[in-house]
Amino acid sequence: MRRELISNSPVLTAGELVAGLPVDPLLAAVHSRVGSIRFEEGLVLLRADGARQSEFARVNERWRSDRAEPLRSLVVFGKEDMLAYYYATVPQWVDAQGHQPVVKLDVHEEPYAVPLASNVDRFFDTYSHYLEALVAEPDYDELGPAALTFPWKVPEIVARDRSLVELLRDGRFDFLMPKDEETRAWTAQVLDASVRR
């Protein structure tokens, strides 16, 4: 597994508006420490150097103009390299500390999102546990990330985030999620795994 961290000076501040939506304080803190993160397995944190001219700002401005609701009200902060999967915060569900939950977006044929974490810190915790499970897969050397699809094949890792489980149980993400059998089954697995913990 290869990763790349690029140092950066702070350019985002908590609550700063990007494309008309507030930046999550934990996301701003990540950007104050690194400008970009790139994992060979997929996740790329959008660069936020140069304030208004940053990749982060450009992607979010384009996102707001190109997407319909409810997806246009998300703040995109990362993506999977060379794929149409994005990571975003959900300003609509900001908590008492100002933290926003995180979702993974699939913008292929019919765009949708699935919840991943109750906040950015929990997202990186969940993603790191996923990476540990991924490299432990017997087929990892041959298949790479396809050996363990995130988040579909790791509901027990997602279920570690109790605050997210409560949001999921309350139906807070229903407006973003597809209404298909696969998603209902995955949601049930996350909820079931949280009960067993």
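Only the coordinates and a few stated rules stand behind these numbers; no lab work does. The model shown is predicted, which means the values in this text are computed figures rather than measured ones. As a convention, Cβ positions derive from the backbone with ideal geometry for all residues, glycine included, and neighbour counts pool all protein chains shown.
With a cut-off of 11 Å, note down the residues of segment 154-197 whose backbone N falls inside the zone around a label point 7 Å from the Cα of Asp95 toward its beta carbon.
Counting backbone N atoms under 11 Å from the label point, the list is 161-167.
Quick one: which residues, 5+ away or cross-chain, put their amide H under 5 Å from the amide H of Gly78? H built at 1.01 Å from N.
Sorted by chain and number, the residues that satisfy this are Leu46, Tyr87.
5 Å is the cut-off here: which amide hydrogens, built 1.01 Å from N in the peptide plane, fall below it relative to Val18, excluding neighbours closer than 5 in sequence?
Those lying under 5 Å, H to H, from Val18 are Val23.
Using θ = phi - 60° and the Karplus curve 6.51 cos²θ - 1.76 cosθ + 1.60, what whole-Hz ³J(HN,Hα) does each residue of segment 142-158 get, with Gly and Pro shown as x?
In residue order, the calculated couplings are 7, 9, x, x, 5, 5, 7, 6, 9, x, 4, 9, 10, x, 5, 6, 4 Hz.
For segment 90-166, what are the per-bin percents of Cα-Cα distances with bins 10 Å wide, up to the bin holding the maximum?
In order of increasing distance, the bins hold 18, 44, 30, 7, 0 percent.
What label, among (1) 25, 20, 16; (2) 30, 19, 14; (3) 48, 19, 15, belongs to semi-axes √(5λ) of the Cα gyration tensor in Å computed from the structure on display?
(1)
Within straight cross-link reach of Lys79, meaning Cα distance under 16 Å, which lysines are found once same-chain residues fewer than 8 apart are removed?
List returned: Lys104.
Return the sequence-ordered ³J(HN,Hα) values of segment 93-102 in whole Hz as given by the Karplus equation 6.51 cos²θ - 1.76 cosθ + 1.60 applied to θ = phi - 60°, using x for Gly and Pro.
Going residue by residue, I get 10, 4, 8, 4, 8, x, 8, 10, x, 10 Hz, with x marking Gly and Pro.
Residue by residue through segment 70-84, what is 3J(HN,Hα) from phi via Karplus (6.51 cos²θ - 1.76 cosθ + 1.60, θ = phi - 60°)? Round to whole Hz and write x for glycine and proline.
For segment 70-84, the Karplus curve yields x, 5, 5, 8, 10, 9, 6, 10, x, 7, 8, 3, 6, 10, 8 Hz.
Can you give the Rg/Rh ratio of segment 58-128, where Rg is from the C-alpha atoms and Rh is the Kirkwood radius?
0.95
If exposed means no more than 15 neighbouring beta carbons inside 10 Å and the site is in a DSSP loop, what's the longest run of the chain without any exposed chymotrypsin sites (Phe, Trp or Tyr not before Pro)?
In the chain, the maximal stretch lacking such sites is 1-151.
Amide H to amide H, which residues 5 or more places from Ala117 or on other chains are under 5 Å from it, using H placed in the peptide plane?
Excluding prolines and chain starts, which carry no amide H, the hits are Val102.
Measuring from a point 7 Å past the Cα of Thr149 along Cα-to-C-beta, which residues in segment 175-197 have an amide N at less than 11 Å?
Flagged as within label range: 182-183.
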